[in-house]
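The values are calculated or read from the model by the stated rules, or taken from the named source; none is laboratory data. Small disclaimer: the values here were computed from a predicted structure and weren't measured. Don't worry about glycine lacking a Cβ; one is built from the backbone with ideal geometry, like all the others, and counts go over all protein chains shown. We work out accessible area using only protein heavy atoms, side chains counted, and drop any ligands, DNA or RNA first. Shrake-Rupley method; radii C 1.70, N 1.55, O 1.52, S 1.80 Å.
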Amino acid sequence: MFKTYNFSAGPAMLPKTVMRKAQKEFLNWKNTGFSVIEISHRSKNFYNTIKNAEKILRKLLKISEKYAVLFCHGGARGQFSTIPMSFIHNNYEKADYINSGYWSKSAFLEAKKYCNANKINVKQLKKNKKIIIPMKKWKLNNESKYVHYCPNETIEGISIYEEPNFFSKKIIIGDFSSTLLSRVININKYSLIYAGAQKNIGPSGITLIILKKNLIKNINNKIVPSILNYSTLLENESLFNTPTTFSWYLSGLVFKWLKKIGGLKKIQKINSKKSNLLYNTIDKSDFYFNNVGKKNRSKMNIVFNTPNEKLDNLFIQESEKKGLFFLKNHYLIGGLRASIYNSMPFKGVKKLVKFMIFFEKIYG
Ligand SMILES: *Cc1c(COP(=O)(O)O)cnc(C)c1O
């Protein structure tokens, strides 16, 4: 078969070994005679599987017992609404929304329905490159109920690697959709972290939430629908209604895979090696351009351009002929983007770089 690589921003590649395992046991899961997708979410086998998945995830991210791990529906966008609904009790109350790109701004726009949301811009242009100003210069409001930010803007390829240190009294919320499990983070620096699965976790459909248990008391229970209520989810071990069982099961296999290859320290090294290779190729050439300052470059979503739109389009056409797919960036900003999540092997990035050099030779 023609070897293909998928550089999509999500749903993205998943580890081949994981998919092979799922395929092998698809019709007869754990010798039950049934597929995992035909089994009750309340069956013992399924329960043991999801509890084991949580255990591995807790080890990978070093999540203490102070935090709850929840799985729910609705994706990251579902959380854009759940968060203000949960922590805002009157719509004049304030919340701080750090704006660093498309997703953090989308969270802000949704929150405006529920509260007095402050949009705080932290992006600047410095020598033609986009940078994020240091956290200590973020102009937070004293009265705000929480701060929301996005450490990896998937569309713009901008990351915030600094971890929140100084606002210890604030509730700190992070949309980690496209960076969770790609590197080591200190969970204790955050009050609530959430991520849609389809980037680094598993198939689309399930959403992962890690929250400090002492936040539960702040929830506006009168307003939040039970299906979105962290308290209800916690009491019911995320089995309040029927979960997306397949996605949950497969995410568990991905956690196992990640543990087996050496955990987050190891994957962080691999991810740095992959992104360095791409950024070095871009920086060395006069043909390709990336518009993000070095400190804030995403290691997951590498955005770049050729000298013009026509060549960008040709790049997309020609790359597909070599088995390199979905390198077109989001229609909102155009240009090219290589999403290289955990499952993208170094070999795939090497093949892309080889193609980039080849393309530049012909059209540069
Ligand atoms: C993909 C993505 C989203 C949207 O996730 P859904 O699960 O589709 O709602 C939100 N935020 C970030 C940072 C993303 O990368």
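If the requirement is being open to solvent by less than 20 Å² (accessible area, probe 1.4 Å) and part of a loop (DSSP other than H, G, I, E, B), which of these qualifies: SER144, SER86?
Values: SER86 fails: part of a loop (DSSP other than H, G, I, E, B).
Only one candidate qualifies: SER144.
In the range 39-87, what residues are among the charged types (D, E, K, R) and away from the ligand (no atom under 16 Å from the Cβ)?
Taking the range 39-87 and keeping what is among the charged types (D, E, K, R), we get 42, 44, 51, 54-55, 58-59, 62, 65-66, 77.
Within the range 39-87, ARG42, LYS44, LYS51, GLU54, LYS55, ARG58, LYS59, LYS62, GLU65, LYS66 qualify.
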Q: Please identify the pairs in which a residue from the range 49-77 that is part of a helix (DSSP H, G or I) and among the polar types (S, T, N, Q) has its Cβ atom under 6 Å from the Cβ atom of a residue that is open to solvent by less than 40 Å² (accessible area, probe 1.4 Å) and within 15 Å of the ligand (Cβ to nearest atom), counting only partners at least 6 apart or on another chain.
A: none
Q. Do we have any residue at all in the range 348-364 that's touching a residue at least 40 places away in the same chain (Cβ under 8 Å) and not in a helix (DSSP H, G or I)?
A. yes
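Rundown of residues vs (1) under 20 Å from GLY202 (Cβ atoms); (2) out of contact with any helix residue (DSSP H, G or I) (no Cβ under 7 Å at 6 or more places or on another chain), yes/no style:
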residue	(1), (2)
LYS51	yes, yes
ILE56	yes, no
PHE71	yes, no
PRO84	no, no
PHE87	no, no
Q) For LYS137, all conditions in the list (1) open to solvent by 20 Å² or more (accessible area, probe 1.4 Å); (2) touching a His at 6+ places or on another chain (Cβ under 8 Å) hold save one; what is the number of the exception? A) (2)
Q. Looking at (1) in contact with a Cys (Cβ under 8 Å, 6 or more places away or on another chain); (2) assigned to a strand (DSSP E or B), which is the only condition TRP103 fails?
A. (2)
